[in-house]
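Take a look at the structure set out below.
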Amino acid sequence: MLPDAGSILADLAAPALVLTGPGADLGPVPEGVTCAGLGDQVPDESWATVLLAVADEAALRVAVSALPGLGRAKHVACYLASATGPVTTVLRPEWPPLAGLVAETPDGGAHTRLTFRRPAPAGPVLVELARHSGTPVATGNHGLVVTGAPVPVDPTAVTEEVPAAVVFGGRADLPEHPVLGRAPVALHLRGEPVGPLDEALLNPVGFRRDWGRGPVPLPAGEPTPELVAAVRDAQAVVVPDDADARTVAGLAMAGVPLVGAGYPGVDPIDPADLEDPLRREEHSVRLRRAALREHSHLAWRHQVARRAGLRAAAYPSVSVLLPTRRPEQLAFALDQVARQRGVAELELVLATHGFDADPGLVRERLGARSVTLLPLPADTVFGDVLRAATDAAAGDVVVKMDDDDWYGPDVLADLLLAKHYSGADLVGMPAELVYLEPIRTTVRRRGPSESFGAVVAGGTMTLDRALLRAVGGFRSVPRHVDARLLEDVRAAGGSVYRTQGLGYVLRRTTHGHTWDTGLGYFLTRQSVAAQWRGFRPSRLLEAG
Amino acid sequence: MSDQPRVRRNDWGTLDAPALGRWEPTRSVSVVIPAYGAQRLLPYVLAGLAAQTYPAHLLEVVIADDDPGRPLELAELSGPRPERTRIVRVETGWGRANACHTGALAAEGEVLHWLDADMLVEPDEVEAQLRWHHLIDHAVVLGHKWFVDPDPLLARAPAADGRMHEVFATAERERHWVEDVWDRTDDLRAAGPRALRTHVGATASLRRTLYDEAGGMDTGLRLGEDIDLGYRLAECGAVFVADREARSWHLGRSHQQSRQDEVNDYNTHFLADRVPDLQPQRRRGRLYSVPYIEVVLDVRGRDHTAVIATVDSVLASSLADLSVTLLGDWSRITEERTHPLDDEQRAPRLVRAAYAGEPRVVLAESPGRRRGQFRLVLPNADWAPTPETLGTLVLHLERTHHGLRQVLMADGSVARVERTAAYARAAKVAGPEVDPDDPEGLDDLVDELFGSWWVEGADAGFEPSATIRRPRLRGTAGPAQDPAESWRELGGTGGAPQQPGAKQARRKAGRKAGRKGPEEPPERPGRSGIGSLLRRGRR
C-alpha cells in the first residue's frame, strides 16, 4: 500500500533534513525534522536522512545543481509532488554499499529513498537521482560554464568548483581569474529570454500519431513532462497571441502540434492538413527541429559561446559510410549525401564494392566535402566492406546510408538531434515510407516512432564510432549486417532509439529477373497504414 | 471525347458551370413528354416550355402519345407552346418507359430532357439543365421539384409570360424524398456510387449518345424504369448532377404514402433482378439477370486441373451472385475422331465439360462488354480464392468507393477487381495516348478519379490452387440404415459439439420410438464412419 504524502515525514530517521522547493508541501513537520527552503542557509550538522522535496522532475534537475553542503547521510531521499513515473538511479561505484532502495509513486508523485550501510555523500546521490529522470541526455556544461543567468542553465551540472567563463549581468571590468588566465566574459540578457529548456524532459518521446480529441487550449504554467503528457492525446494545441513563450517553446520541443499563433519561424499548418496524420506529424517534426535547435540547453550554450566569443563543446562530426556495388546507383547515392544540411562536419567514406568510383563524378556531386574513396574487390564479404569503411572513417559519429534509398536534406541532422535528446547508443529511423518499385506504389507502414527499443532501418543506423568499434564493428557476414549490429549493440547493453522516419524512403526493387517474394509483406493488413499510387514521399523529403 | 473536364467520383462541384443567362447555348435539346390522358394539364406544361429562356431554334418538344384509344391532337391543346412541338404515336407497347423510348427514337436533339405531362417548368429550367451537357458528355442532370395542388393554376388560362409558377408562391407544397438524399450528400457531390439511386422523378436530362450507350429505357418495365436506367447510365460512367436551379412544379399532391409500399413491393422483384447495386434487395444463394460481379479467367494454355480447382473455388464463394467468363478458343474444339487422351484440345474440352451444367459459367473468346457491377480478372489458374475472398474484396471496394483493387500474389502475378462505372468514366475522359480498350492503361486515371489500392494475396484469402482445400460433399455409400436412427443421426447435433439440451431431446426421442435396450453410448461429436458401420452391423 502506498503511503500518502503526509506520512513520508513521519517515517524519516532522525535527525532529518528536508529541503523543500516551491510546490512541494509535505504537511506538518514532526519532531527531529529540520525544514529548509532551497537557497536558504542549512545548519551545519550531521544528518541521518536528507530528503529533497520539489514540485516535479524539472525542479529536481535544477535544484541539484545548486545544493548547499549536505555532508553524508545513511538515508538519502527525494520526493516529487508530481512525476511521470518513479525516480530511480544507477549506483555509482564510489558510494558505500546499498542496503535498500524504495521507489514509490504516491498520488501521482514520486518518493524514492536509498538506504546505505554507511553514510553516503548526500549531494552527489541526489544529483545522480536527478540525472536518471527524463532521457539520458548528456548534460553538464558542454565545455562552457555560465553563471548569473536568471534562468536555470545547468541541469544536474554541479559547478561549484569550476570557474565560470561567462557571467550574466556582471560588470564589464571583472578581474582576471587565476584559473582561466583571463577575466570572465560579462554578458547581458537581451529582452525576455525564453530558454533554455531541458531537452531531457521536453522532447518528442511519446509523440502520438493518432489523437483522441480535437484542438485544446494552451495549458497554463511552466512546460513540464506532465504538461506535455496531458496534451499528447490532443490533435493540436491552440496558441493565443499573448501566450507564454516558454510554454509554447516547451510544447514545440516535445513536438506537440501547434495552431493559432503557432511557433515563430515555423509555417502554420493548414487546418485541412491537421486532419491528415502524415501532415500533422510533418508539422510536429518542423516544430521539434526549430524549438530544439533554439531552446535546448545544448543550443543555448552554443548561442552564449558564440556571443562571448568562446568555445563550447563541438557538435559531433559525422562520417557517412556508403557501401555500394552498383555503379549505376552511384550518382543517385552521392546526391543523397550531397543534399544533407545542418551538419557542421561531414565526411563521406565511399566503399565501392567491385568497382572503382569515378573521382570526377564524386567531386562534381559533393563539391568541397571531405570524401574518402575505398574501392574493394567484388569477392569481399559485405560485412568486411563495412568494417573497412569504419576503419577509414574519422568522425565522432558514424551513419550508414544505403545506395538506393531516398534521404531528405535533414535526415543526418535529425538523427544527430535524436541521438542527443534520447541519449541512446544507437539511433535510427523506421523504414516507415517504402516505395515498392515493381508495382509503383508507396506504402506508409504502421509502427511506432519516437520510442526506445525497436528495430531501425539499416540505411539510417547512427552510433558513436567508438561504440561501433567496441562491439566489434560490422560482422563479417554476407547479408543482414544491419540486424547483426543491432543485436551486438543490444547484447552489449546498449540502448536503441527509433526516431521519426518521414524524411527517409526505403526502396524495394527487383533484383534482376527474380521476383521479390518479400514485396507482399509490405501490403499486408498488419503492415499498411496508407498507400498511394506512384512515388509519394512525405513533404520532409523535399523531393523535386 | 478526351479533352473534357474530369469529375472525381460524383463530385460534379468541380465543373465550372456558367451562371444562368451568361452563356451561349449551342446544343439542341428534345423535351420528351410521355402522355396518357394528359389533356387537362398538358396545355400548362407546353405554356411553361414556350416561356423557356433556352433558344427556341435549339428546342423541340416531342409528345409521345400513349393512348391509341383516344389519340391526342395539337389542335385540341389551347394556349401557347414552343414552335417546334410535335406528337408521335406509340404504336407498340405501353407504359411510361415505352413512351419515353418512343419519343427518344423520334427525337432529333443532341440532348434528351424527360418531362412528365404534369410538370410545370420555370422559365430557366431547360437552360439550367443544358449547361452541364455543354461541359461533359456523360452528365445526367436531375432537376428539383415541388408537389402542389394545381387548382390555383387551373383557374387561369395558360400563358407564356414565364410567370405561371408564381401562383404557387404561398401554396402548400411537399418535396420529393430524393431531396433528403440531396441534403445528406451535398446535392449528390458526396454520394459516390450511390448517386444513381436518386435517378427517379420526372425531370432529368442526358446526352442522346449516353442514352444510346446505356441501351435506352427498358420498355418492358411498368414501374421503376428510372432506377433501372439510372443504374445502366452509372455503368457508363455517368455523373449525376443535382441542380436546384432547374426548378419545376408537379401539378398534383404527392401520393407517396398511399400506395408507396405496394409500389416498392412491385418494383423490388423487377429491379433487384436487373440492378446489382440494390444489394440490400438481393438474397444469398441465388442468381440474377445482371450479376454483381463477373469473374474472368483466360484458360488458354492452362492445365485443366488448375482451372477447375480455381473455378470451383470461385463458384464456392459465399458470394454466389456472380458470373464466370472463361476465355478460350472454344470454337477450335472439334468433334473429329481422335483418341480422347491424345486430343490436343483435351484441356479446354474437359473444362467445357466440367461446367456444362453450371449456369453461372459462360464460355467466350474475348471478354466483351462488362456484365456486372464489378469484374475480377484472374491472372492465371495458380491462385484460387477461399469462400470469403470475393465477398470481402467487393465489400472493401464498396466501402471505399474505389475503382480498382489489385491483389499481389506471392509469385508476382496480380488479380484485379475493376469497378465497371470507373473504367467507363476513365475511358471517356482519357487522353488520346491511352487505349480505352486496355483497362490496365486506364489504371492511373481510375486511381485519380476513384482511388485504388493494393492488397496482399494471402491476406485476401487466395491460396495456391494446387493445394487449396476443396471439401467434398457427404458420401452416400453403405447398406440401408434404420430410418429412425438415421434421422436422429442427421438431425440435432450430428457433427457439432455436444449440448446438454440436445442430448436430452435425443433421449426423449429414443423413448418415444419405443427403444427399450440399454442406453446408447453418449454421442460423440464427429463420429467416425467406422463406428456407425459397426453399429449398423449389430442389428
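The values are calculated or read from the model by the stated rules, or taken from the named source; none is laboratory data. Here the structure is a predicted model, which means the values were calculated and not measured. Cβ coordinates were reconstructed from backbone atoms using ideal geometry, including for glycine residues, and neighbour counts include every protein chain displayed.
Observations on the structure shown:
- Any hit, segment B:392-401, residues being within 14 Å of another protein chain (Cβ to nearest Cβ) and either among the polar types (S, T, N, Q) or under 30 Å from residue A:511 (Cα atoms) (or both): yes
- Test: residue A:505 is within 18 Å of residue A:318 (Cα to Cα), in a strand (DSSP E or B) and modelled with pLDDT of 95 or more: no
- Hey, residue B:434 away from every other protein chain (no Cβ under 14 Å), β-branched (Val, Ile, Thr) and either within 21 Å of the chain's Cα centre (by Cα) or assigned to a strand (DSSP E or B) (or both) or not: no
- Flag if residue A:541 is within 13 Å of chain B (Cβ to nearest Cβ) and touching a strand residue (DSSP E or B) at 6+ places or on another chain (Cβ under 9 Å): no
- Within segment A:215-240, residues that are within 20 Å of residue A:109 (Cα to Cα) reach partners that are crowded, with 16+ Cβ neighbours inside 10 Å and of a type in the set (D, E, K, R) with beta carbons closer than 7 Å, at six or more positions or on different chains, in the pairs A:222/A:246; A:223/A:246; A:224/A:56; A:225/A:57; A:226/A:56; A:232/A:208.
- Positions within segment B:403-431 being under 21 Å from residue B:293 (Cβ atoms), within 11 Å of chain A (Cβ to nearest Cβ) and touching a residue at least 40 places away in the same chain (Cβ under 8 Å), in sequence order: B:404, B:406, B:407, B:408, B:409
- Flag for residue A:495 being in contact with a Lys or Arg (Cβ under 8 Å, 6 or more places away or on another chain) and either in the same structural domain as residue A:232 (by TED's automatic domain parsing) or not aromatic (Phe, Trp, Tyr) (or both): no
- Matching residues, segment B:351-383, being closer than 14 Å to residue B:312 by Cβ and among the aromatic types (Phe, Trp, Tyr): B:355, B:383
- Residue count for segment B:202-227 under the criterion of being at pLDDT 95 or above and under 26 Å from residue B:183 (Cβ atoms): the result is 3.
- Elements of type strands (runs of 3 or more DSSP E) contained in segment B:89-168, each with 2 or more residues being touching a Ser or Thr at 6+ places or on another chain (Cβ under 9 Å), among the β-branched types (Val, Ile, Thr) and modelled with pLDDT of 95 or more: B:139-148
- First in segment B:456-480 and away from every other protein chain (no Cβ under 14 Å), second anywhere and part of a loop (DSSP other than H, G, I, E, B) and among the hydrophobic types (A, V, I, L, M, F, W, C), Cβ under 8 Å, 6 or more apart: B:465/B:381; B:470/B:316
- Residue check for residue B:391: touching a Ser or Thr at 6+ places or on another chain (Cβ under 6 Å) and closer than 30 Å to residue B:470 by Cβ: yes
- Residue, farthest from residue A:363 (Cα to Cα), within segment A:289-332, restricted to residues that are of a type in the set (Ser, Thr, Tyr), touching a helix residue (DSSP H, G or I) at 6+ places or on another chain (Cβ under 8 Å) and modelled with pLDDT under 95: A:296
- Criterion violated by residue A:129 - all others in (1) at pLDDT 90 or above; (2) more than 22 Å from the chain's Cα centre (by Cα); (3) under 21 Å from residue A:24 (Cβ atoms) satisfied: (2)
- Filter result for residue B:198 (crowded, with 22+ Cβ neighbours inside 10 Å and either at pLDDT below 95 or outside the structural domain of residue B:134 (by TED's automatic domain parsing) (or both)): yes
- Screening A:443, A:434, A:505 for residues that are within 14 Å of another protein chain (Cβ to nearest Cβ), closer than 22 Å to residue A:399 by Cα and crowded, with 17+ Cβ neighbours inside 10 Å leaves exactly one candidate, A:434.
- Taking (1) of a type in the set (Val, Ile, Thr); (2) assigned to a loop (DSSP other than H, G, I, E, B); (3) touching a helix residue (DSSP H, G or I) at 6+ places or on another chain (Cβ under 6 Å) in turn, residue A:29 satisfies each apart from (3).
- Only listed residue being of a type in the set (D, E, K, R) and either closer than 18 Å to residue B:153 by Cβ or not assigned by TED's automatic domain parsing to the domain that holds residue B:152 (or both), chosen from B:81, B:86, B:70: B:81
- Matching option when the condition is assigned by TED's automatic domain parsing to the domain that holds residue B:127, out of contact with any strand residue (DSSP E or B) (no Cβ under 9 Å at 6 or more places or on another chain) and either crowded, with 16+ Cβ neighbours inside 10 Å or more than 30 Å from residue B:190 (Cα to Cα) (or both), among B:17, B:56, B:35: B:56
- Considering only residues in segment B:191-214 that are part of a loop (DSSP other than H, G, I, E, B) and in contact with a helix residue (DSSP H, G or I) (Cβ under 8 Å, 6 or more places away or on another chain), the one that is nearest to residue B:267 (Cα to Cα) turns out to be B:200.
- Residue A:288 vs. criteria among the charged types (D, E, K, R) and in contact (Cβ under 8 Å) with a residue 24 or more places away in the chain: yes
For every residue, the table says whether it meets (1) assigned to a helix (DSSP H, G or I); (2) in the same structural domain as residue B:460 (by TED's automatic domain parsing); (3) touching a residue at least 60 places away in the same chain (Cβ under 8 Å).
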{"residue": "B:271", "(1), (2), (3)": "yes, no, no"}
{"residue": "B:307", "(1), (2), (3)": "yes, yes, yes"}
{"residue": "B:314", "(1), (2), (3)": "yes, yes, yes"}
{"residue": "B:318", "(1), (2), (3)": "no, yes, yes"}
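- Residues that are aliphatic (A, V, I, L, M), part of a strand (DSSP E or B) and at pLDDT 95 or above do not occur anywhere in segment B:38-50.
- Any hit, segment A:470-482, residues being basic (Lys, Arg), within 14 Å of another protein chain (Cβ to nearest Cβ) and surrounded by fewer than 20 Cβ atoms within 10 Å (Cβ to Cβ): no
- Scan segment A:306-336 for residues that are more than 23 Å from the chain's Cα centre (by Cα) and in contact (Cβ under 8 Å) with a residue 40 or more places away in the chain and the total you get is 14.
- Residue identified as at pLDDT 90 or above and either outside any loop (DSSP other than H, G, I, E, B) or touching an Asp or Glu at 6+ places or on another chain (Cβ under 7 Å) (or both) among A:64, A:76, A:87: A:76
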